[in-house]
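Asks: I'd like to ask some things about the structure below.
The values are calculated or read from the model by the stated rules, or taken from the named source; none is laboratory data. All values derive from a computational prediction rather than experimental measurement. Ideal geometry is used to build each Cβ from the backbone, glycine not excepted, and the neighbour counts take in all protein chains shown. Just the protein is used for accessible areas: all its heavy atoms, side chains included, with ligands, DNA and RNA removed. Shrake-Rupley method; radii C 1.70, N 1.55, O 1.52, S 1.80 Å.
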Amino acid sequence: RLTWATMVRGALCGFVVGAGGEATCPLPGQNGVPPVTLLPSFGLHTLRLCAGRDAVQVEAWNHSHPRLSVHFNVSGPPSASRILEHLREQLRPSSTRPPVCEDKNPEKCWRAAMGGDCETSEAHRAQCPVVCRQCTALERKWGLFTRDGHRAGVLDEELARIPRCGEGVARDFVAAEGGVWLWPGVEPGFQQTVAVAEDRNVTLTTLSLQPLILRVNGFLSSEEADHIVVKGTEKGLFKSSISSVDYGGAGDASARSSQQVWLEAEDAILKEVDRRALSLLRLPASHMEPTQVLLYEPGQRYDGHHDFFPPDGYVNQPQMMAMLDGGRRNRMATLFWYLSDVEQGGETFFPFGNGTRRYYHNYRDYSGGLRVSARRGDAVLFYSMLANGDLDHTSLHAGLAVEKGVKWSANKWFWNEPRR
């Protein structure tokens, strides 16, 4: 008997499901087996498309609701926007869809809200629904992707090549409610090969499903890692700091004791590494921050923290809230480069790795969890957002103290929308 998991995995991996429910998965193709996580509440939808006489026929599975499967037709030439519009109509009827919420002038809205206008002015509440908490939920910009994470022009070409119904294997696509691509993990230990250039592939190894953590083997060459260290040293390191939140002041300075420097891509090597990072994340340059080079010497560490900015922590900081667009815009992924080996210590620690715990109150509790060891040239990719656009609070992580040797590394942060 076919189970939900068998049907979905069949749709995602492309294996053949027999009449008795048995399934075999073929060897990975050019870019590996199409990766899509099967965990609930990730905001992912698998779409299987074929061309009918006058319309595209779509069958969709919602990964947040395993029993929900919808079928619908999209008339006329296929396009990503029209398919997503129909999918949203099927999954979110107009009677329950949250209103489109957008502050007309986010910075002005937050300044006025600080003066009490949300409570006293109906006009202000209408102009500033996000800051005045008039929205039941934030409206997301959904995205439709091929099975290897591409959209826009490449996706249009893919849609134009979908087979006629009954005349070939239907084409599979993935819709993400958050509008950006994630490399889902499938299961711990799963490996997938991703093309990041015409002549270069990298291997992603799943370390955890929630938080979603993948090791990127051989992201940097030894020469590139050395070059980044030299450039960072030449520019001059300074003590790392922690951003100030409304409810925590400037933070405990002892929580982060590393040294850092910001590095722009000003030469051919740095530009190539940035281009490779963007290719891996399937994002444009407008979503990427400059590189933050880090040096940890013996005893230095960074206690448990998130890489995203919690919107409720910056209510009294209008410029910060404008940058976050009331909670729509934030850091969604971190690509952490290891620029050196570490003799002892210096692991990246994820206390919630692979569901090892449900609660975490002491940011200096390093028991349990998942530890990722530093290995020169490798990177670890982890996501601060779920595929539905919600912040993933299980992405909390720490840089454990170096016990012997030094640790050179670098942060490369990516946002779900263009940065401001």
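Asks: Tell me, what ³J(HN,Hα) does each residue in the stretch 213-224 have, in order and in whole Hz, if you take phi through Karplus 6.51 cos²θ - 1.76 cosθ + 1.60 with θ = phi - 60° and put x for Gly and Pro?
Replies: With coefficients 6.51, -1.76 and 1.60, one gets 10, 10, 8, 9, 6, x, 5, 10, 7, 4, 5, 5 Hz.
Asks: Taking a ≥ b ≥ c as the square roots of the eigenvalues of the Cα gyration tensor of the stretch 215-325, is the shape rounded (a/c under 1.5), prolate (a/b larger than b/c) or oblate?
Replies: Here the stretch 215-325 falls in the oblate category.
Asks: With every protein chain left in place, what is the accessible area of HIS71 in Å² (1.4 Å probe, nearest 10)?
Replies: Answer for HIS71: close to 120 Å² accessible.
Asks: Could you list the GluC sites (Glu not before Pro) in the stretch 178-225 that lie in coil according to DSSP, counting only those with at most 14 other Cβ atoms within 10 Å of their Cβ?
Replies: GLU198
Asks: For the stretch 261-420, what is the accessible area per residue in Å² when the probe is 1.4 Å?
Replies: Spelled out: the 1.4 Å probe surface of the stretch 261-420, per residue, equals 37 Å².
Asks: Compute the Rg to Rh ratio over the stretch 285-363 from the alpha carbon atoms, using the Kirkwood formula for Rh, and round to two decimal places.
Replies: A ratio of 1.01.
Asks: If you don't mind, another one. What is the percent carbon and sulfur in the accessible area of the stretch 304-417, measuring with a 1.4 Å probe over the protein chains and ignoring ligands?
Replies: Solvent-exposed carbon and sulfur of the stretch 304-417 make up 47 percent of the total.
Asks: Any chance you could tell me what percent of the C-alpha pair distances in the stretch 142-214 go past 17 Å?
Replies: The calculated P(r) of the stretch 142-214 puts 57 percent of pairs beyond 17 Å.
Asks: Here's something else I'd like to know. Tell me whether the stretch 325-416 comes out rounded, prolate or oblate; compute the Cα gyration tensor, take square roots of the eigenvalues as a ≥ b ≥ c, and use a/c under 1.5 as the rounded threshold.
Replies: In terms of gyration-tensor shape, oblate.
Asks: About its Cα centre, how strong a charge dipole does the stretch 333-420 have in debye, to the nearest 20, once Lys and Arg get +1 and Asp and Glu get -1 at the Cβ?
Replies: Using Cβ point charges on Lys, Arg, Asp and Glu, the stretch 333-420 gives about 100 debye.
Asks: Using just the C-alpha positions of the stretch 266-420 as equal point scatterers, what log10 of I(q)/I(0) does the Debye formula give at each q in 0.14, 0.17, 0.18, 0.21 1/Å?
Replies: Log10 of I(q)/I(0), two decimals: -0.76, -1.09, -1.19, -1.40.
Asks: At 1.4 Å probe radius, can you tell me the per residue accessible area of the stretch 153-248 in Å²?
Replies: 45 Å²
Asks: If you place +1 on the Cβ of every Lys and Arg and -1 on the Cβ of every Asp and Glu, how big does the dipole about the Cα centre of the stretch 266-391 come out, in debye to the nearest 20?
Replies: Charge dipole of the stretch 266-391: 400 debye, to the nearest 20.
Asks: Starting from the Cα-Cα distance between GLU272 and LEU237, subtract it from 0.36 nm times their residue separation and give me the gain in nm to one decimal.
Replies: 10.3 nm
Asks: Which value, in Å³ per residue, describes the convex hull spanned by the Cα atoms of the stretch 190-244?
Replies: 147 Å³
Asks: Next question. By how many nm would the segment from ARG53 to SER121 grow when fully extended, if each residue of separation counts as 0.36 nm and the alpha-carbon distance is taken off?
Replies: 19.0 nm
Asks: Here is a follow-up. Can you list the chymotrypsin sites (Phe, Trp or Tyr not before Pro) in the stretch 276-317 that are in a DSSP coil and have 10 or fewer other beta carbons within 10 angstrom?
Replies: Taking the stretch 276-317 and a limit of 10 other Cβ atoms within 10 Å, no loop chymotrypsin sites (Phe, Trp or Tyr not before Pro) are found.
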